[in-house]
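Colleague: Before I ask anything, let me first share the structure, which is written out below as structure tokens.
Derivation of every value follows stated rules applied to the coordinates shown; laboratory data play no part. Predicted model only: the values in this text are computed from it and were never measured. We place every Cβ from the backbone using ideal geometry, glycine too, and count neighbours over all the protein chains shown.
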Amino acid sequence: MTVALDILAPYDFAFFQRGMVAATLAGALCGVLGVFVVLRGMSYIGHGLSHAVFGGAAASAVMSINFFVGAGIWGIVSGVLIGRIARQKILGADAAIGIVTTASFAGGIALLNRYGQARKSIEAVLFGSVLGVSWVDIIAITSVAVAVFVVVLLAYRKLLYATFDPQVAAVSGERVAFIEVMLMVMLSVTILVTMRVIGTLLISALLVIPAATARMITNSFARMLMLSPVFGAVSCLVGMNLSYHLDTSAGATIILVSAAGFTATYLLAGRRARQRVASLHHI
Amino acid sequence: MSPEVLLRCDALTVAYGANIALENVTVHIRRGEFVGIVGPSGSGKTSLLRALTGTVRATRGSVELASGVRLGYVPQVESVDWNFPITVREVLAMTRTRRRWPTITDDERAEAAAVLADLGLAGLEDRHIRELSGGQQQRVFVARAMFARPDVLVLDEPTSGVDVRTRHEILHLLRDLHSKGSTILLTTHDLNGLASHLPRLVCLNREVVADGSPRETLIPEVLERTYGAPLHVLEHGGMPIVLDHDYESSESLRDAERSLSQGRGAPS
């Protein structure tokens, strides 16, 4: 009885309830988009974009513009720019991501150093503040999650075609470039709304680990798309509770739980499953 | 009246910056034809295929797809990500993008099963694409193209990177599809294993060097202009066999002819 009460103790706090809802939704959202990130070999884009959005967050803070508007526009422009540079082979994809995102990140730090409360702002964005989640954050994450789930559901076959075989999809009349922009926009907006919860440094892990774990378990794209958000949400749920009881950072604990799930699956799964994840060259 | 032209390019030039990949190329593909584009690496085969399928813009000239004509494209097996989490049925269903819902309908299942059965892939619907043999893998992508009900089937190097048995399977499959009325256009490096079996060949080396039957195109003069090196041609069972070795001495050529006449095939 006492143990059960102890487990439920954090739920007495409204900030914990809000954090739990936000983190679980963020986990599911990152899990869905993580499937595309992992299968398209875009893990580095997820990582880079989260840093690029930081530049926008800093600029909007300095200019007193709404966080979601400033960082949102910045993130979407960065995402589309990276996609365009890489597709047109102006630069290699890695170089394009490296230049655009690190320049954006560095610009954000410079702006905060010069004009803002650098240390506090940087820490809040880098590591997130899951226990400082407001209702505005929850509404933003919920709206983006619903929009992403609806888009993925309605454009499922187009997304699958353009992810698996973009060349043939283009020959067949699919607007592959538009689909790629759509994915980059969804990714940028997801990073935007989740960065204040789990932080830019940890977002890329939540985009990769649940999807990679799901890949070990299934050989079907559809099932991977169902499993990955479940793993993301469960990691956040368990991670949040553990962080309260262990008095550790919520973002870090969520990622550690997610990584533990991946490791357990890797160890328990057969040789074939391990080969599947080994084939994800870009992780 | 000759059959209608489904796909055509006229005076087509494709350039990537200063590098001209194709120059003044005119090719017409008519309904029911089975056409192979041959040429060495860098001859513009891929550029021609891309221009015809609309993924590369013409620098000059025109490319035209007849109204309502649909292309079914089969990529090189080497370009496919065989580790992608996808089953045979999912590979086929993804082409029906007009249906918004992810689930596969009963009609789609039945149609996919029929196309797969036609191509000798019955019962493999739920298998992951990596679990198939080389021939089956190539046929799955032909099946995907056929599932989209194309008017022209376009294949990029269908025998590249496959073993001899798979090459035979692919040739039989394509002949079968052609005999049932499919219009087929492909590129190939494989002169003896594939090109010499096709009714029409376009020899390409930035420009069209020759266009006609294998008997008209697989001749030393055309091959030298296409490949930039002398190639010998022998005839076996009424079909030209191109020898891509250095058969300088008449003795070596006679050995090759003896080898063919004894049914051992072209020396490798």
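Colleague: Can you give me the angle between helix B:250-261 and the longest principal axis of chain B, using Cα atoms only, in degrees from 0 to 90, rounded to the nearest 10?
Modeller: Its long axis makes an angle of about 40 degrees.
Colleague: Here's something else I'd like to know. Considering the dipole of chain B built from charges on the beta carbon (Lys and Arg +1, Asp and Glu -1) around the Cα centre, which of B:SER196, B:VAL233, B:LEU71 is farthest to its positive end?
Modeller: Going by the Cα projections, it comes out as B:LEU71.
Colleague: Angle between the Cα long axis of helix B:106-118 and the longest principal axis of chain B, 0 to 90 degrees, nearest 10?
Modeller: Taking the Cα atoms of chain B, the angle to B:106-118 is about 20 degrees.
Colleague: Counting GluC sites (Glu not before Pro) as exposed when in a DSSP loop with at most 15 other beta carbons within 10 Å, what is the longest stretch of chain B free of them?
Modeller: It works out to B:5-247.
Colleague: Can I ask one more? At 0.36 nm per residue, minus the direct Cα-Cα distance, what do B:VAL164 and B:ARG215 gain on full extension? Give it in nm, one decimal, please.
Modeller: Extra length available between B:VAL164 and B:ARG215 comes to 16.0 nm.
Colleague: Could I ask something else about it? With springs connecting C-alpha atoms under 10 Å apart, model chain A as a Gaussian network and identify which of A:LEU187, A:LEU112, A:LEU49 has the largest mean-square fluctuation.
Modeller: A:LEU112
Colleague: Identify the trypsin sites (Lys or Arg not before Pro) of the stretch B:77-183 meeting these criteria: DSSP loop state and at most 15 other C-beta atoms within 10 Å of the C-beta.
Modeller: B:ARG98, B:ARG99, B:ARG100, B:LYS180
Colleague: Hey, another quick one. For the stretch A:14-282, what does the relative contact order come out to in percent, with C-alpha contacts under 8 Å and a separation of six or more?
Modeller: Relative contact order for the stretch A:14-282 comes out at 33 percent.
Colleague: For chain A, what D do you get in µm² per second when you plug the Kirkwood radius from alpha-carbon pairs into Stokes-Einstein at 37 °C and 0.692 mPa s?
Modeller: Approximately 171 µm²/s, per Stokes-Einstein.
Colleague: Quote the charge dipole size of the protein assembly as shown about the Cα centre in Debye, to the nearest 20; the model charges only the Cβ of Lys and Arg (+1) and of Asp and Glu (-1).
Modeller: Rounded to the nearest 20 debye, it is 1300 debye.
Colleague: Follow-up question, since we're still on this one. What is the sum of charges around A:ILE76, taking Lys and Arg as +1, Asp and Glu as -1, for the other residues whose C-beta is under 14 Å from the C-beta of A:ILE76?
Modeller: Combined, the nearby Lys, Arg, Asp and Glu give 0.
Colleague: Find the centroid of the Cα atoms in the stretch B:196-222 and in the stretch B:55-104, then give the distance between the two in whole Å.
Modeller: Result: 28 Å between the Cα centres.
Colleague: Which listed residue (A:SER188, A:ASN219, A:MET63) has the Cα farthest towards the positive end of the charge dipole for chain A, taking +1 on Lys and Arg C-beta and -1 on Asp and Glu C-beta about the Cα centre?
Modeller: A:ASN219
Colleague: How much net charge surrounds B:VAL69 when only other residues with a Cβ under 12 Å from its Cβ are counted (Lys, Arg +1; Asp, Glu -1)?
Modeller: Here the charged neighbours net out to +2.
Colleague: Rank A:GLY27, A:ILE82, A:VAL238 by how far each Cα sits towards the positive end of the charge dipole of the stretch A:14-282 (+1 on Lys, Arg Cβ; -1 on Asp, Glu Cβ) and give me just the farthest.
Modeller: The Cα lying farthest towards the positive end belongs to A:ILE82.
Colleague: Right, something else. Using R₀ = 56 Å, calculate the FRET efficiency as 1/(1 + (r/R₀)^6) where r is the Cβ-Cβ separation of A:ARG271 and B:THR26; round to 0.05.
Modeller: For A:ARG271 and B:THR26, the calculated efficiency is 0.55.
Colleague: Under a plain spin-label model, where a point goes 7 Å from the Cα along Cα-to-Cβ, how far apart in nm are B:GLU235 and B:ARG149?
Modeller: Taking the two extended label points, one gets 4.5 nm.
Colleague: Round to the nearest 0.05 the FRET efficiency obtained for A:PHE178 and B:ARG57 when R0 = 22 Å and r is the Cβ-Cβ distance.
Modeller: 0.80
Colleague: Suppose every K and R has +1 on its Cβ and every D and E has -1 on its Cβ; what is the size of the dipole of the stretch B:25-145 about the Cα centre, in Debye to the nearest 20?
Modeller: Its charge dipole is roughly 560 debye.
Colleague: Can I ask one more? Would you list A:MET63, A:MET195, A:MET226, A:MET186 from fewest to most Cβ contacts within 10 Å?
Modeller: A:MET63, A:MET226, A:MET186, A:MET195
Colleague: Whole angstrom only: what separates the Cα centroid of the stretch B:1-37 from the Cα centroid of the stretch A:224-283?
Modeller: That distance is 52 Å.
Colleague: Let me check against my output: what whole-number percent is the relative contact order of chain B, with C-alpha pairs under 8 Å and at least 6 apart?
Modeller: 21 percent
Colleague: Additional query: Roughly how many nanometres apart are two label points built 7 Å out from the Cα toward the Cβ at A:ALA264 and A:ASP94?
Modeller: The two pseudo-label positions are separated by 3.4 nm.
Colleague: Tell me which DSSP H helices of chain A clear both cut-offs, 15 Å or more of axial length from alpha-carbon atoms and a mean Kyte-Doolittle hydropathy of at least -0.5.
Modeller: Flagged H segments are A:14-39, A:43-62, A:67-87, A:93-115, A:135-154, A:176-198, A:200-217, A:221-246, A:250-268.
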